[in-house]
Amino acid sequence: QAKSLGRNTYRFFTEELTIQARCRLDLENSIRKALKDNEFVLHYQPVIDAHTQRVVGAEALVRWHQNKQNLLGPDRFIPVAEECGLIIPLGRWVLRQACQQMRHWLDMGIHLEFMAVNLSGVQFNLGSVEQEVFEALQRSGLPPSFLDLELTESIIMNYGSQSLSVMNKLKEQGVSLSIDDFGTGYSSLAHLKNFPVDRLKIDKRFVQSLEEQTKDMAIVTTIINMAHNLGMKVVAEGVETQAQQALLKQLECEFFQGFYFSRALDEDAFADWYAAHSSKYHHS
Ligand code: C2E
Ligand code: MG
Ligand code: MG
Ligand code: MG
């Protein structure tokens, strides 16, 4: 009986795997086609200065415009793009597009201090990321100090001294570096002191349980204090309420990002939001 159960289980798994493999292959092919057909778009989420309430930056977040109705979020296609290597051309497109947009906004009088772009570990490891960044800056004419690159803890942890040398080369170009989703990986702040990181982004899961969980309050307090001691500034992501904002401000977090202020917006909606927000805060 155990034997037949075993065999059924086996068959179940192979069928399941075949379906998964097929889906992946389909998805991989459609990502490739979408790159050719220009179906990816960037949305931009404002980053707010905790003290002045001004918009100081934007994070570029990729979406896939599959057709008129469907806007697919990155969690649905980035993992597959990473697995099959398509993150290299997709990541290149994102970098170029984000730099171009930032250059355009500066020319229009939208005075942001930085445009943040997410880098995947695969891009960091396989691609020549320094070259990609250099080219995106050259093509757009964006001064490097306006570009911020968001790395994950796993990039730092997995590639050790190699990561350090890539990060140093990026810093030499004049861009800034942030650690994204801090607190979800395995790195420690003690380890971070060796890396040339300007900003640390506290993962939204900590921010969102700030009010109910005293332990998370303690963790966030510690992260912020230690980041400051290491000379980094802190961005809180996933700020959804006034209460979270007030708590984080007390803890001397420098920047906020989250639905409380705005979701990620397309190019035009961002410009409108910026104008409306600026008329409230910039001239007071
Ligand atoms: P991330 O870099 O941590 O980006 C923040 C995510 O949190 C975004 O989701 C954003 O829409 C969402 N978010 C912002 N504020 C709030 C809030 O107040 N509440 C909640 N519940 N969520 C909030 P999104 O756009 O779906 O992106 C998911 C992840 O996909 C990103 O997380 C990033 O890791 C990845 N990603 C996005 N664009 C790119 C890209 O161009 N390249 C790479 N490699 N990864 C990207
Ligand atoms: Mg990010
Ligand atoms: Mg994040
Ligand atoms: Mg992330």
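The values are calculated or read from the model by the stated rules, or taken from the named source; none is laboratory data. Values in this document were obtained by computation on a predicted structure and should not be read as measured data. FYI the Cβ positions are ideal-geometry reconstructions off the backbone, even for glycines, and counts take in every protein chain you see. The accessibility values were calculated without ligands, DNA or RNA, using every heavy atom of the protein model including side chains. Shrake-Rupley method; radii C 1.70, N 1.55, O 1.52, S 1.80 Å.
In terms of distances greater than 29 angstrom between alpha carbons, the cross-link table entries LYS33/LYS171; LYS193/LYS280; LYS204/LYS280 yield LYS33/LYS171; LYS193/LYS280. Counting only DSSP beta bridges with both residues in the chain, the antiparallel share comes to about 40 percent. Sequentially through the stretch 39-51, phi angles give Karplus couplings (6.51, -1.76, 1.60; θ = phi - 60°) of 8, 8, 9, 9, 10, 10, 9, x, 10, 10, 6, 4, 7 Hz, Gly and Pro residues having no value and appearing as x. Per residue, the stretch 184-284 exposes 53 Å² of accessible surface when a 1.4 Å probe is rolled over the protein heavy atoms with every protein chain present. Size descriptor for the stretch 170-284, Kirkwood hydrodynamic radius: 15.4 Å (Cα pairs only, one decimal).
Relative contact order of the chain, taken over Cα pairs closer than 8 Å and 6 or more residues apart, is 18 percent.
Sorted by packing (mean other beta-carbon atoms within 10 Å per residue), highest first, where do 137-144, 232-239 land? It would help to have the intermediate numbers written out before the result.
Numbers: 137-144: 15.6, 232-239: 23.8.
Descending mean neighbour count gives 232-239, 137-144.
Using the Kirkwood radius over Cα pairs, work out the Stokes-Einstein diffusion coefficient for the stretch 79-171 at 4 °C and 1.567 mPa s, in µm²/s as a whole number. After rounding, the answer is 95 µm²/s. Computed over protein heavy atoms with a 1.4 Å probe, the carbon and sulfur contribution to the accessible area of the stretch 203-284 reaches 49%. Over the Cα atoms of the stretch 186-244, the radius of gyration divided by the Kirkwood radius equals 0.98; this is the Rg/Rh ratio. The packing ranking of peptides 39-47, 77-85, 107-115, highest mean first, is 39-47, 77-85, 107-115, where packing means the average number of other beta carbon atoms within 10 angstrom of each residue.
Positive contributions from Lys and Arg (+1) and negative ones from Asp and Glu (-1), summed over other residues with Cβ under 10 Å from the Cβ of VAL234, come out at +1.
Report Rg(Cα)/(2.2 N^0.38 Å) for the chain, keeping two decimals.
1.10
Cross-link partners of LYS201 among aspartates and glutamates, defined as those whose alpha carbon lies under 14 angstrom from its own and excluding same-chain residues fewer than eight positions apart: ASP49, GLU59, ASP148, GLU150, GLU153, ASP180, ASP181, GLU237, GLU252, GLU254. Here, the stretch 73-124 has an Rg and a Dmax of 13.2, 40 Å when only alpha carbons are counted.
Share of pairwise Cα-Cα distances greater than 22 Å in the stretch 33-142 is 36 percent (whole percent).
Where only protein heavy atoms count, and the probe is 1.4 Å, what is the accessible area per residue for the stretch 36-112 in Å²?
Per residue, the stretch 36-112 has 47 Å² of solvent-accessible surface.
Remark on the stretch 234-277: ratio of C-alpha radius of gyration to 2.2 N^0.38 Å is 1.25.
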